[in-house]
Amino acid sequence: MNKLYFLITLAAICLAACNNSNTKSGNGQNDSTEALTAEDVYNQTINKVAMIISYKDGVPYSQGSGFFINKNTMVTNYHCVAGTEKLEFKIAGDEEVYQGAKVIKASPLHDLAIIKTKQDFPYVKVDSVGKEKVGAKIYAIGNPRGLEGTISDGILSGKRDNEGVEYLQITAPISPGNSGGPVLNEKGVVIGVATFTYKNSQNLNFAMPVSYINKCVDINSLPQQGHIVKSDSTAINIVSYSKGWHESIQQVSFHNNTSQSVISITGVLIYRRKIVEYEYNSTYSNPYTNWKYSLGDIFHYQVFSVDVDIAPKMSKLVNLRCDPELYEHQYCNSKSGCTGCGRTSSIHYDIEFRLLSYEIEE
């Protein structure tokens, strides 16, 4: 009898030890089969989600989200990093900015990219099978419009097939900046990667199943041209720009090249020096002739986000506030010479526009 009691006690101790070991995982994962609260999902995931800023020509090119699937491996959308020269990232809620991350694999078809980091971080648990059923509770975590560590909830409202690629339709609200962030089930397991949204009364949002990360291939094996970001980058362009001397407002006319109404634009205005060369002529009515223009270095850039309502194939004039250091500069764009600032010490410049993201309304 004493021997039987001893064996039962020993088994109970071993079981308790195993349970304690499972709940104290070094990665902070929750292996419970029970549903978590939104607070629990947020708390166990937020330190594994990053804000990613990609650069091209030394200025911001795209901003999105990403999440760690291994201690030094992060997943994001391909369109957030395609064609960029440098990546920076920071963990949501942390001020430290990390350098040296590199895109090592990608799948343009599935809009997914894998990034290798020099530093180690905690990581999420992912669903590599994709058995989550329509109607299941889900959460999305990301950095919409730069608002770090934002969580939203909803349901998995559908699974859509587009030429053999499955998309997860979700009701959890996402916005520009959410791209590349995790979509999790109620157990805190990542089932998808937030990808894009159509803004209308029904708020249609889509994610790529996380299982497609297995489709990513070596980045060096991908074609160097024809990135999927190319079509997005030409969706909006500027057709005119003006700013007077000492004015704090610059007027930009945006043209909508898409077949849907555009309701918001996030982009970068890049200010590049304009070098003006001329030959002097003593004629009073035309003191300067033979004007020659060339573009110099980028000396400033301004990231902006603006709400608009531009009908398909139409343009709209939008007022954007200038950065204070640009108030005194005169914009020179005249084909016959300087527009009349009269100050050789002032900076003359041309504007380049780089589209980061936009929202459409069906």
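The portion of the accessible surface of segment 45-169 made up by carbon and sulfur, rounded to a whole percent, is 49 (1.4 Å probe; DNA, RNA and ligands excluded). Computed packing ranks the peptides 109-118, 53-62, 155-164 as 109-118, 53-62, 155-164, most packed first, by mean other Cβ atoms within 10 Å. Each residue was assigned an accessible area with a 1.4 Å probe, and for residue 298 the value is about 50 Å². Apply 1/(1 + (r/R0)^6) to the Cβ-Cβ distance of residue 136 and residue 253, taking R0 = 45 Å, and write down the FRET efficiency to the nearest 0.05. Step by step, r from the Cβ atoms, then E = 0.50. Potential lengthening of the chain between residue 70 and residue 116 amounts to 15.6 nm, from the contour at 0.36 nm per residue minus the alpha-carbon distance.
For the residue pairs 105/215; 90/116; 56/316; 187/215, the alpha carbons lie more than 18 Å apart in 56/316; 187/215.
Note on residue 317 and residue 104: the model spin-label points, each 7 Å out from Cα along the C-beta direction, lie 5.3 nm apart. A simple spin-label model places pseudo-atoms 7 Å from Cα toward Cβ; at residue 350 and residue 46 they are separated by 4.6 nm.
The values are calculated or read from the model by the stated rules, or taken from the named source; none is laboratory data. A quick note: this is a predicted structure, and the numbers were derived from the prediction, not measured. Positions of Cβ are generated from backbone atoms using ideal geometry, with glycine treated the same way; all protein chains shown enter the neighbour counts. Accessible surface is based on the protein model in full, side chains and every heavy atom, while ligands, DNA and RNA are left aside. Shrake-Rupley method; radii C 1.70, N 1.55, O 1.52, S 1.80 Å.
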